[in-house]
Amino acid sequence: MPVRMVESPAPSNSSGANSGQTCLQPCSLLSVGQAFSGTQNVSSPQKDEAWRVNVRIQGCDLDHGYLCGTMEALNVPMADTPVVTFWEGEIVDTKNYTFFTNKWKATSEVDIEHWTKFPSFSPLLTQVEVDGGKSLDLTNYQYIFMRWKEQYFVNVGADCGLTIAGFYYVCFSCVDGSINGYYYDPNSSPFQKLELKTTNERRSGFSFSSYELQ
Amino acid sequence: MPGSASTTHRPEGLIDRLRSAAADGGEAKFKVLRELKNQIIGNRTKKLSYIKLGAVPSVVSILSSASSSVDCLLIQCAATIGSFACGVDAGVKAVLDAGAFPHLINLLSHSNEKVVDAGARALKMIYQSPSAPKYDFTQPKNIEFLTSLLDKTNENVTGLGATIITHSCQTPTEQTLLSNAGVLKKLIHLLHATSPQRDASLESFATIIKQNPHVITNHVGPQNGSTFRTLLDLTKDRYPRTRLLACVCLTLIKNATSSAYVESVGMRTKLILVLLELVEDGGQVGDEALFTLSRFIEDDEGLQKLAFEANTVDKLCQQMVKESLQGKRLEGLFTALGSICSNLESCRSIVLQSPKALTVITEGLTHTTTEVRIAACICLKNVSRSVKYLSAGHFMTEAVIMPVIQLLYDASTSVQVAALCTVSNLVVDFRTHKSLFVQSGGVKQLVELSKSMESSVRLNAVWALRNLMFLIDNRCKEEIFMDIKLFPLTRLISDSNACVQEQALGLVCNLVNGPGPMDSMMYLFTEDGILLNTVGRELRKASRTQVLVQAMYVMCNVASGKELEKEAVMRQLVNEEDAQSIIVSLLQSEVASLRTAVVWTVVNLTVPTGAGALARVVKLRNAGVVSQLKNMVNDPCLDVKLRVRTALGQTMTFGDFST
């Protein structure tokens, strides 16, 4: 007999005992080695444009709310080869990081403006406006919010004519591994949208790899 | 014109006089003893020379035959014996062989305080040597004697008591015996005495509480707040050695009990600052301060943060680039730097951005002293936990890789293990073709070490190979597999050590991961699928969860292949003769990570597009897997719950044919 699945669409406010102090649960689709592909819309008023993007997760440390990996932009007009950058992510777990960025030229208004672009953020909005989400318990929420900040170019020089000054507001779906993001840089076109899907790299199913640092 | 030297000034002459004085005595004994003592004090060469000439038995003979009323002779004998024993192990041995010990003990009960002092001093010298006999604390009369020493006012007598403890107390039982006899209380009392008494008592106090939470809780617990205050006060003492020893004691207390307990006296940052100041001392105190600092902050990220905020990394880096550092100092610096970099990326960044720090660490890898090589390895291992710098290829340079590979051939097993741990990190450089490490012969030696009889060597060699195999291209996989070879790999999967099995399975998992279609998948099917069969067998018999998780991920990855691979996995996991499918029993595991791995495998087996998908779903349903999945739709682990939903959704695409 089929059993009704219990949905947990909205995160709860954490009780006083463990107020915002729990790490997020691991999600296998957001583990090291996982690959994603999709596009980043870089359209300007003059021109519609999207770059193909591949992302690979290289490191994940939920205790510290840390994620990192590489991002490869494939059809960048001013580059001869795909441009690969290394990025580091802050996972909004309300223990290590809240929804407020407090750096990278992002005010709390800018934060809210970007987070609200994700439909899955709407149940959180009221509390985030109060305290950045510090008192929210996101451990069982099906979406993981992050900020990804590119740190350096991997395969081209910093003088390649491209900028990594901004950062991405990112929402990852634990359900299907899809990633949506918005690039924020006061000096770039606003709300450049990043859309990625988990890729099984031509396999007929999901595959996992791992390393363990000593 | 120079005259001939008097024979009496040559050692042989003095020995002759000593022997005749020992035989017929009188005033001569005192004179010759004083002359001998004056010659050997602080002169190691002379001590060794007189020991060789047999001076010690003569001195002991004079002591044994001296009347207890000739105080000055007793004092000279004791002082001479003490001098022979001071800092020279051969001297201690000669003194003990000559039977001086009971005579010196007798002096402790002499009525003249100066004789007692000389006896205690000589015995202290003996007990400062590792060659001294072990004091038996299990004898009640011995404990009584020891406590009587600590009750005295003479600083050499109490110092002797403390030295005996430092020398002989080694086991938890001995620690408990001493603390139950009230020795700790007496030592704490002595912390208020003279400087030499303080230092001896602190050392002995540290010996009794070392790694013994029971003794600390019962005898140095919160009810003894005054002890903490005394120790904290001593961290401000004018003598660096006293400050260091107080820090050692506080570190031992902190490491054996909860950190909050020690934090209550607000000493954490303070202690780090005291130790950092002591590190500036160029001698032994500075060296030991580095090791104490390392022990204080290791395994405690909160303390590492405090140390970081106190600029510890910068200070250690500054120390490290000084010219001509001695081995002990280098070892201490590498150890402390390794501790502070074990968790915090901010600390690693400072080391890696320091112009010379990495160079000094890599130079340490080739140091002549084993301990320095090990410390350099551990330091490099912890610094290289940075994915950011690994990804930038920061460590994949000849300057770093070549000396580490060389250490894989080191004669010391401890060095080999330390080097293997470091290699495990360095090879995670995220590039698809790890040419430098492979071309430098690293893989061949890792494979060789994976066959070692020593399980720690085997484990870390396989660990390094597993990390090396992470996300590499097919060509590189092939090169590595050709070195490892099929049968040795199957042996590692069935290794007697479960940790080795876990790493070997992780290696296979990485081997069969990658963009499809995968050439590396064939390795599992050669020789009648021996590799896959071995993994399947381990799934049935292993008990360690992590072995099961890795084995299941191998199945999962194979099941992400084509029909042939999916069917092979089905044969391993679903056997109609089994009372209960291995899938069902593993889905019932209490460990979420294992349930996750199993559900992913089911997801891959039930991908609806394959020709055999329906047949597989039917088999899984018949084996009770689908029913079990239905029981798991509200699994407490979100990841499991979501994958169960995917798997059930896929089985439903073929309609509900459960009846």
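The values are calculated or read from the model by the stated rules, or taken from the named source; none is laboratory data. Quick caveat, the model's predicted, so the values are computed rather than measured. Note: ideal-geometry Cβ built from the backbone for every residue, glycine included; neighbour counts use all protein chains shown.
Observations on the model:
- Identity of the residue in the range B:1-44, of a type in the set (Ser, Thr, Tyr) and modelled with pLDDT under 75, that ends up nearest to B:Ile81 (Cα to Cα): B:Thr8
- For the range A:57-89, residues that are among the small types (Gly, Ala, Ser), over 18 Å from A:Val42 (Cβ atoms) and more than 10 Å from chain B (Cβ to nearest Cβ) total 2.
- Cβ pairs under 7 Å, 6+ apart, first in the range B:79-96 and over 17 Å from B:Arg34 (Cα atoms), second among the hydrophobic types (A, V, I, L, M, F, W, C) and assigned to a loop (DSSP other than H, G, I, E, B): B:Val92/B:Ala132
- Verdict on B:Ile401 being within 25 Å of B:Lys434 (Cα to Cα), of a type in the set (A, V, I, L, M, F, W, C) and either touching a Cys at 6+ places or on another chain (Cβ under 7 Å) or touching a residue at least 60 places away in the same chain (Cβ under 8 Å) (or both): no
- Subset of the range B:573-585 that is surrounded by fewer than 23 Cβ atoms within 10 Å (Cβ to Cβ) and assigned to a helix (DSSP H, G or I) - its residue that is nearest to the other protein chains (Cβ to nearest Cβ): B:Val584
- Condition met for B:Glu567 (within 14 Å of chain A (Cβ to nearest Cβ) and surrounded by fewer than 24 Cβ atoms within 10 Å (Cβ to Cβ)): yes
- Qualifying residue in the range B:621-632 (condition: more than 8 Å from every other protein chain (Cβ to nearest Cβ), touching a residue at least 12 places away in the same chain (Cβ under 8 Å), basic (Lys, Arg) and touching an Asp or Glu at 6+ places or on another chain (Cβ under 9 Å)): no
- Residue in the range B:484-503 that is more than 11 Å from chain A (Cβ to nearest Cβ), more than 33 Å from the chain's Cα centre (by Cα) and not in a loop (DSSP other than H, G, I, E, B) present: yes
- Selected residue (criterion: modelled with the lowest pLDDT) from residues of the range A:172-214 that are within 14 Å of chain B (Cβ to nearest Cβ) and on the phi > 0 side of the Ramachandran plot: A:Glu201
- The range B:605-615 - residue that is touching a residue at least 40 places away in the same chain (Cβ under 8 Å), in a helix (DSSP H, G or I) and out of contact with any Lys or Arg (no Cβ under 7 Å at 6 or more places or on another chain) and, of those, farthest from B:Ala568 (Cα to Cα): B:Leu614
- Test result for B:Gly655, more than 9 Å from every other protein chain (Cβ to nearest Cβ), outside any helix (DSSP H, G or I), farther than 30 Å from A:Tyr143 by Cβ and not acidic (Asp, Glu): yes
- Restricting attention to the range B:504-534 and to residues that are among the hydrophobic types (A, V, I, L, M, F, W, C) and over 20 Å from B:Ala461 (Cβ atoms), the residue that is farthest from the other protein chains (Cβ to nearest Cβ) turns out to be B:Ile530.
- Test for A:Lys117: is it away from chain B (no Cβ under 12 Å), out of contact with any strand residue (DSSP E or B) (no Cβ under 9 Å at 6 or more places or on another chain) and either buried (at least 19 other Cβ atoms within 10 Å of the Cβ) or charged (D, E, K, R) (or both): no
- Residue pairs whose Cβ atoms lie under 8 Å apart, sitting 6 or more positions apart in sequence or on different chains, and linking a residue in the range B:11-36 that is more than 12 Å from B:Cys77 (Cβ to Cβ) and assigned to a helix (DSSP H, G or I) to a partner that is of a type in the set (Val, Ile, Thr) and at pLDDT 75 or above, are B:Leu14/B:Val32; B:Arg17/B:Val32.
- Pairs linking a residue in the range B:267-290 that is under 10 Å from B:Cys247 (Cα atoms) and buried (at least 22 other Cβ atoms within 10 Å of the Cβ) to a residue that is at pLDDT below 95 and acidic (Asp, Glu), with Cβ atoms under 8 Å and 6 or more positions apart or on different chains, are B:Ala289/B:Asp281.
- Count - residues of the range B:64-102 that are more than 22 Å from B:Glu155 (Cβ to Cβ) and surrounded by fewer than 20 Cβ atoms within 10 Å (Cβ to Cβ): 14
- Residue match in the range B:429-440 (condition: assigned to a helix (DSSP H, G or I), more than 14 Å from chain A (Cβ to nearest Cβ) and in contact with a Gly (Cβ under 6 Å, 6 or more places away or on another chain)): no
- Selected residue (criterion: nearest to the other protein chains (Cβ to nearest Cβ)) from residues of the range A:122-171 that are aromatic (Phe, Trp, Tyr) and under 28 Å from A:Pro77 (Cα atoms): A:Tyr152
- Flag if B:Val598 is more than 8 Å from chain A (Cβ to nearest Cβ), free of Cβ contacts under 8 Å to residues at least 40 places away in the same chain and among the β-branched types (Val, Ile, Thr): no
- Residues of the range B:121-148 satisfying the condition of being farther than 27 Å from B:Ala90 by Cβ and in a loop (DSSP other than H, G, I, E, B): B:Phe137, B:Thr138, B:Gln139
- Lone qualifier among B:Thr153, B:Thr166 - being of a type in the set (Ser, Thr, Tyr), part of a helix (DSSP H, G or I) and over 16 Å from B:Gly82 (Cβ atoms): B:Thr166
- Each residue in the range B:43-75 was checked for being over 21 Å from B:Glu12 (Cβ atoms) and part of a helix (DSSP H, G or I), and 8 pass.
- Qualifying positions in the range B:389-416 - modelled with pLDDT of 95 or more and in contact with a strand residue (DSSP E or B) (Cβ under 8 Å, 6 or more places away or on another chain): none
- Residue count, the range B:385-400 (criterion: at the interface with chain A (Cβ under 8 Å from one of its Cβ atoms), buried (at least 18 other Cβ atoms within 10 Å of the Cβ) and part of a loop (DSSP other than H, G, I, E, B)): 1
- Among the strands (runs of 3 or more DSSP E) confined to the range A:128-214, the ones with at least 2 residues that are surrounded by fewer than 20 Cβ atoms within 10 Å (Cβ to Cβ) are located at A:143-153, A:192-198.
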